[in-house]
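In what follows, a structure is listed as structure tokens, so that the remarks can point back to it.
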Amino acid sequence: MRRIETEAIVIGGGATGAGTLRDLSLRGVRAVLIEKSDIASGTTGRNHGLLHSGARYAVNDLESARECISENRILKKIARHCIEDTGGLFVTLPEDDPSYHGKLIEHCRYAGIRCEEIGVREALRMEPNLNPEILSALRVPDGTIDPFRLTSANVLDAQERGASVFTHTEVEEILRDGDRAAGVRCRDRLTGEKIEIYAGIIVNASGVWGQRLSASAGIELRMFPSKGSMLIIDYRINNKVVNRCRVPSDGDIIVPGDTVSLIGTTSKKVDYDRIDEITVDDDEIATLLESGEKLIPSVSRARVLRAYCGVRPLIAVSGEMDGREISRGIVLIDHEKRDAVGGLITIAGGKLMTYRLMAEMAADLACAKLKAGKKCRTHRTPLPGSERRVDQARSVKFFTGIPNSVVGSTLYRHGHRIRNILHREKRNYGLICECEMVTEGEIEYALKKLNVRDIVDLRRRTRIGMGPCQGQLCAYRAAGLFVKYDSATSDESNKMLVDFLEERWKGIKPVLWGDALREVEFGYWIYQGLFGLGDVRFEEEAEKR
Amino acid sequence: MRYDCVIIGGGLSGLTCGIRLAETGASVAVISTGMSALHFSSGSIDLFGYNGEGRTVYRPFEFLDEFVGSNPRHPYALCGARQVREALFYFRGQLDLEGIELYNNDESNHFHVTTLGTLKPTFFSQRSVFNEKIRLAFEKKSMIAALNFEGYRDFYPELAVINLRRNVLFRNIEIITGKIVYPDYGDPQRNPFEYRSVDIARIFDTERYLEELAVQIRNAASGAAFAAMPAFLGISNFKRHHKLLQELTGLLIYEIPTLPPSILGMRIDNALKSRFASLGGVYIAGDTVTGGSISGERLESVVTENGGGSALSAGSFVLATGSFFSGGLVSEFSRVREPVLDLKVYSDAERSRWYAPEFFPRRGHPFLEYGVETDERLNPKTGDGRRVKNLYCTGALLPYYNPIKEGSGGGVAVSTGYRAAELILEGNS
Ligand SMILES: Cc1cc2nc3c(=O)[nH]c(=O)nc-3n(C[C@H](O)[C@H](O)[C@H](O)COP(=O)(O)OP(=O)(O)OC[C@H]3O[C@@H](n4cnc5c(N)ncnc54)[C@H](O)[C@@H]3O)c2cc1C
Ligand SMILES: Cc1cc2nc3c(=O)[nH]c(=O)nc-3n(C[C@H](O)[C@H](O)[C@H](O)COP(=O)(O)OP(=O)(O)OC[C@H]3O[C@@H](n4cnc5c(N)ncnc54)[C@H](O)[C@@H]3O)c2cc1C
């Protein structure tokens, strides 16, 4: 068994955990991050990627709205390569209560969110696919944020500043030493290796899973999981975020992202025991398509690429267990105060949007307890990739000889770090995933620098296999590159190919009709008919890497 | 325009049917939208590879004799075991005339090696994939070198070798891997790291590169008796150049199917089209049949996308439009339909039952078994239940078989295509 000592442990590699790791590293605190699966594989990777202006909350929850708009401004500076400043609209349909429109304007004013009334004609000019029947439209500074890129950039920065990261490593138990939480016992889920890590402070940023984890330290933390489902549409049918101007309810938003658009969302209570088994239900798909079509009629003709769902980690603030005091805001718990267990804090709730603020709050408390560390700098230190604004035209010129589309996509995904990725060498810019323009060089970079341990991880870092064909040919190529770059053995590569296809299948099967079914038939012919992948018998699962 | 027979869909099934009909002097037209499943297939023709329990079938005809009795709706049962055999050997004969030699292990299946080094039972393979010499060398446990071009992104021998080494059949056979480099070829603007099998096939089809390639192959094989290479050794000059390469290197060079496009399948596709044309058949490529007019129990004519409204009429019609993949079947939110004539389809009303929970299920995916329902004469019914007596449905469009689970795709396409032709000929005489 390995034993590691450090100053701080962060449990959970979602945006909150990654942000906390970075914050601590920037303050000079030595920290280790433990993530049971992959970076951004929890709720962080299962949402709309909406960079809230706060308008959505303005009417019901002024405090959240204020947090959103303030973080919105900060993120646009420090995370520019993860953000598209698309702007957003709130549109009122004939069937909607027209008074919400006025209420929204008023409350946005209280929250300090710019919210302008624009003419219907103007709205349709901006967003030609919009339902022409809308009665009115408001413009707000919504945008989009790529959660995978954001989280990975936080982790990368922390690692460059000395932090350590263990992915696919689960904290099985928080170890107590009398009235303190002294460390964690973990297990590498790919190799089976056991690791014990000790530190002066443990930050629990494990999201909705926090209830289970706290229980291992004898602490009660009640979550009220609520599932939300989303659909990804094959085309980018809108350029701005389109919100329905009404009291929040199912299917009232369409968010553009990269080459696709996304319809969200629903809200269904789920049992805590079932949070790892949730799937998208048929009635949710019907609701989303129906309401999506009301906002943008061409939704009915578009192909649905995948469906997925996430769990909102709503948390009970006090020890109260009946759910009346559920918070929708940020929750920071000092377990020394609340439960008389020292050395442990929990940061949960909030939004992707407010991850940085949550990280700052957690790191402030952690540093106070450690009596170490400098002041927070994350609000003014750009993330790797966002160091400088990069000019597309200049990059294209700099990389003359490499196809513009490749330069464009790499720049879009990695910002200023493009220079660590692209070289004017044919091998480097040869395409592996044609849908998303992912090159061999980008994959090599991800394998070496971005904590990638399997093809599913690679998809989160590069978008490989996320396009219309969902990884038909590039999955096999990626498996081959793991071997080529010594990142896995042949057996491991074949196994991760199975895992990738099974993972992809989860998102496709709820929407298996039309072109999706066609693609699946093709994919199954290739991987089973042609390759016989389902017949491969692997050596012992837990082979050493 | 009037033909004796119009065939909708020019894949393996439609072309087999077309050749058989054209051979008798009938006027036949094949209309086909685009590439067929052959362009993606392994290029081996599977007959029956796995029984209901997933165990390998070694003697497929013997197996079929019993099987058709207990599975009366299976396409092979509609053909009859005897005609399945007739069809397959007819097919082999036709390809032979076009210079493509198919190998079969007498009455038994043989195994071909897949991209991932698993083995698949199949009935016919091209001689570059399997033949007696390969079998002998294999029995002598000769060393194998799996070779690939440096930077070819569609084949990774390491991923195959690990599985081969584990297979009992390959026990005590030494397998090495090796790399060769592209000869100075083609357009300097193109990135060789993006070459596909078709680009490389072009290199092998060009005689002047052969010697250089032979030297490289011999060196990389470092003493092996076989060189296994991804299936990209040429299309148009394949037969001659393959022979030449073997002479120049003194090695047995054989091919492993890899990612699409399938060179092995394209060779068959070319041969079938060429054979069909030499018999006077008319192949209309790049057009899609969009509908037809049925009166009484007969399909009178069909119209096409590019036909400008003018109808194609014929005495009989064959629908060989393939499965979902080729557009022969279309699925919507909650139903499966046949898009050309809205024929009656076998499927499940509940979408959640179309597929298995895992991507690699033990029992296969149900949607692969959907298709246009027919009677024993391959005649379908319209949506409102009327039988269409001069329309025959064949190939991947048919229901009640699972090509992947059974390992029967190619065989069903060939034998039902052939069967339709025989039924049409019977009706005419
Ligand atoms: C449907 C939906 C839509 C949303 N839309 C938006 C939106 O548009 N904009 C927005 O700002 N917010 C949105 N949110 C909210 C946002 O997604 C979450 O608030 C945020 O992602 C939470 O991040 P986190 O890091 O706290 O949690 P998570 O991302 O869940 O991270 C927790 C991590 O801890 C890991 N973990 C758990 N247990 C262990 C263990 N024992 N050992 C090691 N690791 C462990 C998990 O694997 C996970 O990766 C949405 C949420 C949902 C459900
Ligand atoms: C990736 C893959 C691998 C395979 N591997 C093997 C294998 O190893 N061994 C094996 O035995 N079998 C294999 N098969 C199965 C086998 O190739 C098919 O079952 C067989 O080729 C089907 O032939 P078909 O003629 O019925 O249909 P298809 O080959 O699908 O041909 C149908 C044709 O009809 C055309 N068409 C469709 N609609 C219209 C219309 N309205 N108007 C005009 N034209 C139309 C299409 O464009 C297409 O060209 C494989 C299939 C695939 C997809």
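Close amide-amide hydrogen proximity is noted between residue B:304 and B:290, B:309, each under 5 Å apart and 5 or more residues distant or on a separate chain (H modeled in the peptide plane; Pro and chain starts excluded).
Near residue B:161, once Lys and Arg are set to +1 and Asp and Glu to -1 for all other residues with Cβ below 12 Å from its Cβ, the sum equals -1.
Sorting A:435, A:115 by solvent-accessible area of protein heavy atoms yields A:435, A:115, largest first, with a 1.4 Å probe. Applying the Karplus relation 6.51 cos²θ - 1.76 cosθ + 1.60 with θ = phi - 60° to region A:501-514 yields 3J(HN,Hα) values of 5, 5, 5, 4, 4, 4, x, 8, 4, x, 10, 7, 8, x Hz, where x marks Gly and Pro.
Take each residue of peptide B:258-267, count the partner chain Cβ atoms within 10 Å of its Cβ, and average: the result is 2. The accessible-area loss of region B:316-347 on complex formation, taken against its chain alone with a 1.4 Å probe, reaches 40 Å² or more at B:324, B:325, B:331, B:333.
Over chain A, average the accessible area per residue using a 1.4 Å probe and give it in Å², no decimals. Please list the in-between numbers first.
Numbers: 20450 Å² over 545 residues.
In whole numbers, chain A has 38 Å² accessible per residue.
Take residue B:353, project a point 7 Å from its Cα along the Cβ direction, then tell me which residues of region A:498-520 have their backbone nitrogen under 18 Å from it. Only A:510, A:512-513 fall inside the zone, counting backbone N under 18 Å. Relative contact order of chain B, taken over Cα pairs closer than 8 Å and 6 or more residues apart, is 25 percent.
Compute the accessible area per residue over region B:245-318, keeping the other protein chains in place, probe 1.4 Å, unit Å². Spell out each step's value before the answer.
Values: 2660 Å² over 74 residues.
Heavy-atom accessible area per residue stands at 36 Å².
Could I get the Rg over Rh figure for region B:138-256? Both from C-alpha atoms, Rh via Kirkwood, rounded to two places.
We get a ratio of 0.97 for region B:138-256.
Packing around the peptides B:28-39, A:454-465, taken as the average count of other Cβ atoms within 10 Å per residue, puts them in this order, highest first: A:454-465, B:28-39.
What average number of partner chain Cβ atoms lie no more than 10 Å from the Cβ of the residues making up A:505-514? Don't skip to the answer; put the middle values down first.
Numbers: counts 6, 3, 0, 2, 9, 2, 2, 7, 10, 5.
Mean partner shielding for this stretch: 5.
Only protein heavy atoms count here; under a 1.4 Å probe, residue A:1 has an accessible surface of about 150 Å². Report note on the peptides B:373-384, A:355-366, A:117-128: ranked by the mean count of other C-beta atoms within 10 Å, highest first, their order is A:355-366, B:373-384, A:117-128.
Here region A:206-327 is treated as an ellipsoid with the same Cα gyration tensor; its semi-axes, largest first and in whole Å, are 33, 14, 12. Projected label points at residue B:65 and residue A:185, each 7 Å from Cα along the beta carbon direction, are separated by 6.4 nanometres. First measure r as the distance between the Cβ atoms of residue A:379 and residue A:268, then evaluate 1/(1 + (r/R0)^6) with R0 = 41 Å and state the FRET efficiency to the nearest 0.05. E(calc), rounded to 0.05, equals 0.70.
Phi angles across region A:255-266 convert, under the Karplus curve 6.51 cos²θ - 1.76 cosθ + 1.60 with θ = phi - 60°, into 3J(HN,Hα) values of 10, x, x, 6, 9, 10, 10, 9, 9, x, 9, 10 Hz, Gly and Pro given as x.
For residue A:260, no residue has an amide H sitting under 5 Å from its own, ignoring neighbours fewer than 5 places away on the same chain, with H placed 1.01 Å from N. As a calculated quantity, the FRET efficiency between residue A:368 and residue A:196 at R0 = 25 Å, using C-beta atoms, amounts to about 0.45. The residue A:426 and residue B:198 beta-carbon pair, evaluated with R₀ = 25 Å, returns a calculated FRET efficiency of approximately 0.85. In terms of overall dimensions, region A:1-116 has a Cα radius of gyration and Dmax of 18.9, 65 angstrom. In this rough spin-label picture, where each label sits 7 Å from Cα along the Cβ direction, the residue A:279-residue B:287 distance is 4.5 nm. Label zone of residue A:172 (point 7 Å out along Cα→Cβ, amide N under 20 Å): in region A:196-230 this covers A:196-199, A:206, A:209-219. Here the extension length gained between residue B:363 and residue B:179 equals 62.4 nm, from 0.36 nm per residue of separation less the Cα-Cα distance.
Counting pairs of Cα atoms in chain B, how many percent are more than 30 Å apart? Working shown, then result.
Numbers: 41199 of 91806 pairs.
For chain B, the share of Cα pairs beyond 30 Å comes to 45 percent.
If you take the square roots of the eigenvalues of the alpha-carbon gyration tensor of region A:430-543 and sort them as a ≥ b ≥ c, do you get rounded (a/c under 1.5), prolate (a/b over b/c) or oblate? It comes out oblate by the Cα gyration axes. Computed over the alpha-carbon atoms, chain A gives an Rg to Rh ratio of 0.95, Rh here being the Kirkwood radius from the mean inverse distance.
For the protein assembly as shown, the share of accessible area belonging to carbon and sulfur comes to 48 percent (1.4 Å probe, ligands and nucleic acids excluded). Here the spin labels are modelled as points 7 Å beyond Cα on the Cα-Cβ line, and at residue A:73 and residue A:109 they lie 1.9 nm apart.
Would you mind giving the mean number of other chain beta-carbons within 10 Å of the Cβ of each residue in B:218-226, as a whole number?
On the way: counts 0, 0, 0, 0, 0, 0, 0, 0, 0.
For this peptide, the per-residue mean of nearby foreign Cβ atoms is 0.
Packing around the peptides A:266-274, B:92-100, A:31-39, taken as the average count of other Cβ atoms within 10 Å per residue, puts them in this order, highest first: A:31-39, B:92-100, A:266-274.
Taking both sides together, what accessible area is buried at the A/B interface, probe 1.4 Å, expressed in Å² and rounded to the nearest 100? Can you show the working numbers first?
On the way: alone 22790 and 19120 Å², together 37120 Å².
For A against B, buried area totals roughly 4800 Å².
At a threshold of 40 Å², the residues of region B:389-429 that become less accessible to a 1.4 Å probe in the full protein assembly than in their chain on its own are B:404.
The values are calculated or read from the model by the stated rules, or taken from the named source; none is laboratory data. Nothing here was measured: the structure is a model prediction, and the numbers come from that model. For neighbour counting, all protein chains shown are included, and Cβ atoms are generated from backbone atoms with ideal geometry for every residue, glycine included. Surface accessibility is based on the protein's heavy atoms, side chains included, excluding ligands, DNA and RNA. Shrake-Rupley method; radii C 1.70, N 1.55, O 1.52, S 1.80 Å.
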